[in-house]
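The structure under discussion appears below in the form of structure tokens.
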């Protein structure tokens, strides 16, 4: 039972990673840059949700809308101000700029919100757990423990947050896949990631498409922020950096630039992290996640779903 | 004299003079203990930033795990110095010298081992993998326990070792609780290590290997096609950079009463990177000046106004972004050229006027 519960927690964490990894992989596919600030957009989303949810006037749905809007606008602004002027510059300059943006967001958060972590109220606070399994009595969905009087404790509990993270992520991934394959804007994104120059010659607005990519990536980060802060109810200026980096590992694991790859990589990485935390050592789980990255890059640098690219002179 | 030699002499001479002047002031008792402590820390950061400049500036690859190498140097040197002083009864100076060398050696070994997979990669991948290794090294030392007693050394991984003779128990590494190395770092040691490291770095950069690294940086494929063993030279520079970072870590460890592994995190790597980038990629002198200025100013301002210090990191970040845009964005490059052209025109006009005046 504990294995199943860990596995589900891993899938839940993994689907959050997958949402973040989608942002990385889409931006990498189109703009050919590693957006280091992506993790910090999660942090900003977390604070936006925290501030609006603690305000009395704001209902939950509105605070979700505000969070997504804030992140989307932030992502587009960062792209326009910091990354767009450097589109044809050496990769080192772009990478350092991205680190600068990440550093800037962290420090703004440090100054305005202080370094003390804040307790985040889960969006599913007060709701009963999604599933409880009692040995000999069967399973109970969406209910508080009906056997409290008999003193029976569930042998397996899956919280609402875990369930929500999986459901929301799957829904978003399906929507995103449909968007990219079926709509004009989505196909423009694919064309840009294939060959930016040729796409421009075909009349695609490349700058607009890149902005759109950043907008979508940041919106996904906002959703991930809310889900993550609900499952791990704490927020600090450094909340975003580690999940951001791990999501990048997931994107590389799945094959950078590949959207199904990011989903698979994210879920696998989440499962690896939770299982190693539980069965090996909680102290070493981060190290194990990075070992995965290194092994992947040595054995199969293009990831699970990636295409092999040969370099032309 | 060659231009590079002259440049190196200026950098080295400047650092030497600075060290001597500060040393004399210190011996004369003109500096308070806070300034002296600040100088030691600045010196250590200079060693770290000049060594990172070898990877970022000369090799042209972004390493985000520099603090990890400092971590290795710090904790392995602390183990050696504590064992030598407490168990072998070695004199302080000998123990400390051996500890710094051991720290640098361990960092070099790890740098080499890590470099083998890392140096096959480039660009963004390399950056993220070095970041990963930095985190791995940090969590490694978060889990290592070494304790000594009359029976010898006991090692523990993830848990402290058991069955230890409590009477003679001496904890050397305490996992996440860090370690307390003897306070041996002083200004003269830092100055000496700094000068030695500068000589090593300058010699390397100006050698055939260093020039090969720069050729790889400027054009990877062209360098390969003229027969440069790309991986070998990159690995060499990376290992050297790691070794010097290890020495810096060893000094840092022995300058503080208690050191936790989590201090050597991603943010420390980024801070050193900020010094390198703002000082100028590939310029050792730039790294030295940037480290002194960026580290000393907030330290000195702290006495005047605490508020300003809080904004320090924010300002660094903004400068970092603006500098990259100013240097690399086509818009600003054009703008710079226009300004330059204008100045030239004005000069030419002025020259025309004077010459015209002379004719008249």
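Laboratory data are not the source of any read-out in this text; all were calculated from the coordinates shown. All of these numbers come straight from a predicted model, not from anything done at the bench. Note that we place each Cβ from the backbone using ideal geometry, even for glycine, and neighbour counts take in every protein chain shown.
Express in whole angstrom the spacing between the alpha-carbon centres of region A:126-149 and region B:164-209. Between the Cα centre of region A:126-149 and that of region B:164-209, the gap is 57 Å.
Across every direction, the projection of the convex hull enclosing the Cα atoms of chain B has a mean area of 25.3 nm². Normalised size of chain A, defined as Cα radius of gyration per 2.2 N^0.38 Å with N residues, equals 1.04.
Peptide B:308-317 has a mean shielding of 4, counted as Cβ atoms of other protein chains within 10 Å of each residue's Cβ. Relative to the dominant Cα principal axis of chain B, helix B:284-301 is inclined by about 70°. Looking only at region B:3-310, where both bridge partners belong to it, what percent of the DSSP beta bridges are antiparallel (to the nearest 5)? Here the share of antiparallel DSSP bridges comes out near 100 percent. The GNM of chain B, with springs linking C-alpha atoms under 10 angstrom apart, assigns the highest mean-square fluctuation among B:260, B:281, B:31 to B:31. Springs between alpha-carbon atoms under 10 Å, Gaussian network over chain B: tell me which of B:317, B:108, B:296 tops the mean-square fluctuations. Comparing B:317, B:108, B:296 in a Gaussian network model of chain B, the most mobile one is B:317.
Across all C-alpha atoms in the protein assembly as shown, the radius of gyration and Dmax reach 27.5, 115 Å.
Placing a pseudo-label 7 Å from each Cα along the Cα-to-Cβ vector at residue B:18 and residue A:155 gives an inter-label distance of 6.9 nm.
GNM, chain A, Cα, under 10 Å: largest mean-square fluctuation among A:130, A:50, A:253? Top of the fluctuation ranking is A:130. Among the residues of B:110-120, the average count of other protein chain beta-carbon atoms within 10 Å of the residue beta-carbon is 1. For region B:168-325, report the % of Cα-Cα distances exceeding 28 Å. Cα-Cα pairs in region B:168-325 separated by more than 28 Å: 37 percent. Axis of helix B:33-53 versus longest Cα principal axis of chain B: the two differ by about 70°, to the nearest ten degrees. Helix A:259-279 and the longest principal axis of the Cα set of chain A meet at an angle near 40°. Averaged over peptide B:205-218, the number of partner chain Cβ atoms lying within 10 Å of each residue's Cβ comes to 0.
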